[in-house]
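One structure below.
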Amino acid sequence: MIPLAIMLFKSVVVLAFLAVTTMFLVYLERKVSAHFQVRYGPMRVGWHGSLQLIADALKLLMKEDIIPKMADKWVFLTAPVLVFVSAYLAYLVIPFSPFLVVKDLNVGVLYVLGVTSLTVLAILMAGWSSNNKYALLGGLRAVAQIISYEIPLILSIIPVIMLAGSLSLSRIVEAQHTFPFILLQPLGFLLYLLSATAEVNRTPFDIPEAESELVAGYNIEYSGMRFVMFFFAEYLNMFTVCALAATLFLGGWQGPLLPAPVWFFLKTYFLVLVLMWMRWTLPRLRIDQLMDFCWKGLLPLSLVNLILSALWMVFYG
Amino acid sequence: MTELKTEEYYLSMGPQHPSTHGVLRLLLKLDGEVILQATPDMGYIHRGLEKIAENRLYLQIIPFTDRLDYLSSMSNNLAYVLAVEKLANIAVPPRVEYLRVIMAELNRIASHLIWLGTLALDLGAITPFLYCFREREQVLDLFEMSAGARLTYNYMRFGGVARDVSTEFIKGTADFIKKFGSKITEYEALLTNNPIFLARTKQVGIITPKQAIGYGLSGPLLRASGIKYDLRRALPYSIYEKFSFDIPTGELGDCWDRYIVRIREMRESIKIIDQALAGLPAGDFKAKVPLNLKLPAGETYVPIESPRGEFGFYIVSNGTNKPYRLKIRAPSFCNLSIISNLLKGWKVADVVAILGTFDIVLGEVDR
Amino acid sequence: MIEEIKIGKDEILDVCLKLKESCDFLAFVTAVDYPERGLLELVYNLRSLTDNKNVILKVELPRENPEISSVAVVWPAAEWHEREIFDLFGVKFSGHPDLRRILLPEDWQGHPLLKDYVKPGVIKRPETIK
């Protein structure tokens, strides 16, 4: 009973933490983009607009929740919940420090990949149920993209698992106590980062919600709180892939001098900034070019990377 | 196993859509993402300017021309006053000619900046949009200094311009063009050789020279297809003969060529403004022309090279103070006529790239 | 510099096909309404992009049931110009691939650029400036 209570408490803490993180990420993105674009970004609410996000959240909460007349109602209503839950579940196994982890599963990597791929189901549900052609196009694009990019993503993680000899995220971090795996797996890290960017639909791979083509993509019909859930999930997913990259390749919370969580967040936020940098610099690919890039570029490369790592481990490991 | 059945469907793109640049509606027949048929539908902001003009004095029509291609009002003004001046045989003081060229070229820069920003935006790059607007603001400041307005300038008059420019304007313009070249380099650093940008624009939406001429395309679209035809050279108006500048052309007629032609045109505009500023004579900024101008019976058509192509007014006068018939030859309208032919076989994402490089302004398509 | 040619309405296709050899570019097509003379005048501006040949071609049509062959087969550019003239003047172009209204809604009554057009329900603006 007591361990269950502790776990419940921990998950609530994680939820609160995620809410704050998302707000901060949105604020960060707005500020970063603003400075990329020689503007200031939010400046009015609070110091340098730091309370802007609270104002925005309140506004969105008070908005009318519109359900289109021709929408498939229940699917339409559950999609944002599902997308949010799948984004949230991933955090339960990510080790923020040796002790700050809700549940250290022995199949942690598998679990994270499993729950995050639920997102694609939710996006398809949203796109289909909205009964809007733009949403449908966005949903189908998202499915094609996310499922395709999952393959190089997983293939680029496998060498790390082989090096650590475990699927548990905490064990993988511990295995990097001498040096981070990025030194052994530079190509793997690059492949992971690229496929992860596509996984979370960020520029240059943001075609499912390409606003200049599909207006908003799968979430076009959503308003108010339901829209916020998509928005939340998007930023959470971005944070997840960065946290995962930090855990798998950059040694997670390991690092000299500073306390463990600080190292974890430093590494994660560095990657978050890289993703933001990419978003505010690059144009967007077209769907067929995107698929080409995955199946003809990333997939063969990640296979080669996997085989070479395996051979290296057999002969030198 | 039963065979999987696929269906074609219609997607109504616009009139409210972020990438149709106004209120153009494209009815797309799609097979998945591939376009089988595209039917453009215009007229959402048709104001009947040609009809209204028949009931207005010649002078009263100048503000209406601002509202045609609202991104290049100076060029519209210029086309109109040139046509009226030709019919009425009004001599223009030399200072005015120089001022008009400066304004028209500054306007070309401002208009191309909007085009560049929105093209990048359509292709998913948001940052160049704001860079372009940063420089456009400076041009608008210059216009505000001279014409008093930032969008609809209403600056040209028959035989002159509305008011003379100040020395600050001349200094500001000189400053601007001195710095602007490096800004273009900045935009190009973001786009020109970016592999994603190349993938999205190279070999996309190719217009052959034959097609371009057949469909009556003009301006950068025609030149991107490799035809060296610029009205500033071919049928010189105002004092463009006095200036030396190149006519940039493309090779293939794809989206990238249309992009690079406009980029290089901005650099040519800098050259022209530079020469015009150097040669700007002192003197009157206005000839004596009656407000209630009566034009002799007759007809005229003076085409000019607006940022979007051949812009001209065909005026038929019956000797009164109002035009008997005023036809507006709008480049966006003519350029757009190729679109349903061109879009076939491309993907939804290419629609925005192709439309983006067309640089249409619905104000002059619908008139 | 500008050559002006007046032709009858039946010759239009032959003349245009012949002119196309020297003037490849169709700048615009428009119409002018002359109710007193009972005719509509179509104006074609053709140009050569290589030399400075510039031709204005004029065709007079009767005001009642104006009809002429379309030159869209010669210059595809004419397609939209002719649609516009059909829309605003009511000239029928035989052989046009897609003759629909272009600027006004499909169900619009009348052709606004005709001189005797009065929009139903609109009071004519008083002539204040003479």
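Which one is farthest from B:Trp346 (Cα to Cα) among residues in the range A:292-305 that are in contact (Cβ under 8 Å) with a residue 60 or more places away in the chain and surrounded by fewer than 17 Cβ atoms within 10 Å (Cβ to Cβ)?
Start the filter on the range A:292-305 by keeping residues that are in contact (Cβ under 8 Å) with a residue 60 or more places away in the chain, which leaves A:294-295, A:298-299, A:301-303, A:305.
With surrounded by fewer than 17 Cβ atoms within 10 Å (Cβ to Cβ) added as a condition, the list becomes A:295, A:303.
Details: A:Trp295: 21, A:Leu303: 32 Å.
Among residues in the range A:292-305 that are in contact (Cβ under 8 Å) with a residue 60 or more places away in the chain and surrounded by fewer than 17 Cβ atoms within 10 Å (Cβ to Cβ), the one farthest from B:Trp346 (Cα to Cα) is A:Leu303.
Out of the residues in the range A:208-229 meeting the condition of being open to solvent by less than 20 Å² (accessible area, probe 1.4 Å) and at pLDDT below 80, tell me which one is farthest from A:Leu121 (Cα to Cα).
A:Ser212
Based on what the data block shows, is B:Ile62 closer than 20 Å to B:Thr152 by Cβ and either open to solvent by less than 50 Å² (accessible area, probe 1.4 Å) or not in a loop (DSSP other than H, G, I, E, B) (or both)?
yes
It is to be established whether one or more residues within the range A:131-140 are under 15 Å from the mean Cα position of the chain (by Cα), assigned to a helix (DSSP H, G or I) and either within 14 Å of another protein chain (Cβ to nearest Cβ) or of a type in the set (Phe, Trp, Tyr) (or both). Can you show your working first?
Filtering the range A:131-140 for residues under 15 Å from the mean Cα position of the chain (by Cα) gives none.
Checking the range A:131-140: not a single residue is under 15 Å from the mean Cα position of the chain (by Cα), assigned to a helix (DSSP H, G or I) and either within 14 Å of another protein chain (Cβ to nearest Cβ) or of a type in the set (Phe, Trp, Tyr) (or both).
Just one of (1) over 25 Å from B:Pro209 (Cβ atoms); (2) of a type in the set (A, V, I, L, M, F, W, C); (3) over 11 Å from the mean Cα position of the chain (by Cα) trips up C:Ile68, so point out which.
(3)
Can you tell me which of B:Ala83, B:Ala38, B:Ala53 is within 21 Å of C:Glu84 (Cα to Cα), open to solvent by less than 10 Å² (accessible area, probe 1.4 Å) and touching a Ser or Thr at 6+ places or on another chain (Cβ under 6 Å)?
Values: B:Ala83 fails: within 21 Å of C:Glu84 (Cα to Cα); B:Ala53 fails: touching a Ser or Thr at 6+ places or on another chain (Cβ under 6 Å).
Only one candidate passes the filter, namely B:Ala38.
Filter the range B:12-55 down to residues that are more than 25 Å from the chain's Cα centre (by Cα) and of a type outside the set (A, V, I, L, M, F, W, C), then give me how many there are.
Total satisfying the criteria: 7.
Select from the range B:128-143 the residues that are at the interface with chain A (Cβ under 9 Å from one of its Cβ atoms) and surrounded by fewer than 20 Cβ atoms within 10 Å (Cβ to Cβ) and list them in ascending order.
Answer for the range B:128-143, where residues must be at the interface with chain A (Cβ under 9 Å from one of its Cβ atoms) and surrounded by fewer than 20 Cβ atoms within 10 Å (Cβ to Cβ): B:Phe129, B:Leu130, B:Arg134.
If only one of B:Arg325, B:Arg329, B:Arg367 is without any contact (Cβ under 8 Å) to a residue 60 or more places away in the chain and crowded, with 20+ Cβ neighbours inside 10 Å, which one is it?
Details: B:Arg325 fails: without any contact (Cβ under 8 Å) to a residue 60 or more places away in the chain; B:Arg367 fails: without any contact (Cβ under 8 Å) to a residue 60 or more places away in the chain.
After ruling out the rest, the residue left standing is B:Arg329.
Take the residues of the range A:5-41 that are of a type in the set (Ser, Thr, Tyr) and open to solvent by 30 Å² or more (accessible area, probe 1.4 Å): which is farthest from B:Thr127 (Cα to Cα)? I'd like the intermediate steps shown before the answer.
To start, the set of residues in the range A:5-41 that are of a type in the set (Ser, Thr, Tyr) comprises A:11, A:21-22, A:27, A:33, A:40.
Cutting the leftovers down to open to solvent by 30 Å² or more (accessible area, probe 1.4 Å) gives us A:27, A:40.
On the way: A:Tyr27: 18, A:Tyr40: 14 Å.
The selected residue is A:Tyr27.
I'd like the residue in the range B:1-11 that is within 19 Å of A:Leu137 (Cα to Cα) and outside any strand (DSSP E or B) and, out of all such residues, is farthest from the chain's Cα centre (by Cα).
B:Leu4
Among the residues of the range B:185-205, is there at least one that is among the aliphatic types (A, V, I, L, M), at the interface with another protein chain (Cβ under 8 Å from one of its Cβ atoms) and touching a Ser or Thr at 6+ places or on another chain (Cβ under 8 Å)? Reasoning before the result, please.
Here is the first cut: in the range B:185-205, the ones among the aliphatic types (A, V, I, L, M) are B:189-191, B:196, B:198-199, B:204.
Right, trim to at the interface with another protein chain (Cβ under 8 Å from one of its Cβ atoms) and you get B:190-191, B:196, B:199.
Checking the rest, the ones that are also touching a Ser or Thr at 6+ places or on another chain (Cβ under 8 Å) come to B:190.
Among the residues of the range B:185-205, at least one is among the aliphatic types (A, V, I, L, M), at the interface with another protein chain (Cβ under 8 Å from one of its Cβ atoms) and touching a Ser or Thr at 6+ places or on another chain (Cβ under 8 Å), which makes the answer yes.
Within the range C:111-130, restricting attention to residues that are within 12 Å of chain B (Cβ to nearest Cβ) and either under 25 Å from C:Glu60 (Cβ atoms) or modelled with pLDDT of 85 or more (or both), which residue is surrounded by the most Cβ atoms within 10 Å (Cβ to Cβ)? Can you show your working first?
So the first thing to find is which residues in the range C:111-130 are within 12 Å of chain B (Cβ to nearest Cβ), and the list is C:111-115, C:117-119, C:122, C:124-130.
Filter once more, so that each one left must be either under 25 Å from C:Glu60 (Cβ atoms) or modelled with pLDDT of 85 or more (or both): C:111-115, C:117-118.
Values: C:His111: 19, C:Pro112: 18, C:Leu113: 21, C:Leu114: 17, C:Lys115: 14, C:Tyr117: 15, C:Val118: 11.
Taking the candidates together, the pick is C:Leu113.
Checking B:Tyr259 against (1) without any contact (Cβ under 8 Å) to a residue 24 or more places away in the chain; (2) more than 11 Å from chain C (Cβ to nearest Cβ); (3) buried (at least 20 other Cβ atoms within 10 Å of the Cβ), which single condition isn't satisfied?
Status for B:Tyr259: all satisfied but (1).
Report the residue count in the range A:186-199 for those that are away from every other protein chain (no Cβ under 14 Å) and open to solvent by less than 10 Å² (accessible area, probe 1.4 Å).
Keep residues of the range A:186-199 that are away from every other protein chain (no Cβ under 14 Å), which gives A:186-193, A:195-196, A:199.
Then drop every residue that is not open to solvent by less than 10 Å² (accessible area, probe 1.4 Å), which leaves A:188, A:191-192, A:195-196.
Residues in the range A:186-199 being away from every other protein chain (no Cβ under 14 Å) and open to solvent by less than 10 Å² (accessible area, probe 1.4 Å): 5 in total.
Quick check: is even one residue across the range A:47-59 within 30 Å of B:Tyr131 (Cβ to Cβ) and in a loop (DSSP other than H, G, I, E, B)? Outline the logic, then answer.
Pass one, the range A:47-59, residues within 30 Å of B:Tyr131 (Cβ to Cβ): A:47-53, A:55-56, A:59.
Next, only the ones that are in a loop (DSSP other than H, G, I, E, B) stay: A:50-51.
Yes: one or more hits.
Scan the range C:65-83 residue by residue and report those that are within 11 Å of chain B (Cβ to nearest Cβ), open to solvent by less than 10 Å² (accessible area, probe 1.4 Å) and not aromatic (Phe, Trp, Tyr).
C:Val74, C:Ala77, C:Ala78, C:His81, C:Glu82
How many of the residues making up the range C:59-110 are among the small types (Gly, Ala, Ser), outside any loop (DSSP other than H, G, I, E, B) and either over 16 Å from C:Asn45 (Cα atoms) or at pLDDT below 85 (or both)?
Number of matching residues: 2.
Determine which member of the set B:Gly216, B:Gly226 is within 12 Å of another protein chain (Cβ to nearest Cβ), open to solvent by less than 10 Å² (accessible area, probe 1.4 Å) and either touching a strand residue (DSSP E or B) at 6+ places or on another chain (Cβ under 9 Å) or assigned to a loop (DSSP other than H, G, I, E, B) (or both). Quick ask: steps written out before the conclusion?
Values: B:Gly226 fails: open to solvent by less than 10 Å² (accessible area, probe 1.4 Å).
Just a single option satisfies the conditions, and that option is B:Gly216.
Residues checked against (1) more than 24 Å from the chain's Cα centre (by Cα); (2) more than 13 Å from A:Phe232 (Cα to Cα); (3) in the same structural domain as A:Leu273 (by TED's automatic domain parsing):
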site: A:Leu28; (1), (2), (3): no, yes, no
site: A:Val32; (1), (2), (3): no, yes, no
site: A:Arg44; (1), (2), (3): yes, yes, no
site: A:Ser50; (1), (2), (3): no, yes, no
site: A:Ile54; (1), (2), (3): no, yes, no
site: A:Ala57; (1), (2), (3): no, no, no
site: A:Phe76; (1), (2), (3): no, yes, yes
site: A:Val81; (1), (2), (3): no, no, yes
site: A:Phe84; (1), (2), (3): no, no, yes
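Quick check: is even one residue across the range A:84-103 of a type in the set (Ser, Thr, Tyr), out of contact with any strand residue (DSSP E or B) (no Cβ under 7 Å at 6 or more places or on another chain), open to solvent by 70 Å² or more (accessible area, probe 1.4 Å) and at pLDDT 85 or above? Explain how you work it out, then say what you get.
The first filter runs over the range A:84-103 and keeps only residues of a type in the set (Ser, Thr, Tyr), leaving A:86, A:88, A:91, A:97.
From what is left, the residues that are out of contact with any strand residue (DSSP E or B) (no Cβ under 7 Å at 6 or more places or on another chain) are A:86, A:88, A:91, A:97.
Checking the rest, the ones that are also open to solvent by 70 Å² or more (accessible area, probe 1.4 Å) come to none.
The answer is no, given that none of the residues of the range A:84-103 is of a type in the set (Ser, Thr, Tyr), out of contact with any strand residue (DSSP E or B) (no Cβ under 7 Å at 6 or more places or on another chain), open to solvent by 70 Å² or more (accessible area, probe 1.4 Å) and at pLDDT 85 or above.
With the condition kept exactly as written, say whether any residue in the range B:234-256 is within 12 Å of chain C (Cβ to nearest Cβ) and in contact with a strand residue (DSSP E or B) (Cβ under 6 Å, 6 or more places away or on another chain).
Checked the range B:234-256: no residue is within 12 Å of chain C (Cβ to nearest Cβ) and in contact with a strand residue (DSSP E or B) (Cβ under 6 Å, 6 or more places away or on another chain).
The values are calculated or read from the model by the stated rules, or taken from the named source; none is laboratory data. Bear in mind the structure is a predicted one, so any value in this text is a computation, not a measurement. All Cβ positions, even for glycine, are placed from backbone atoms using ideal geometry, and neighbour counts span all protein chains on display. In case anyone asks, the SASA skips ligands and DNA or RNA and just uses the protein heavy atoms, side chains included. Shrake-Rupley method; radii C 1.70, N 1.55, O 1.52, S 1.80 Å.
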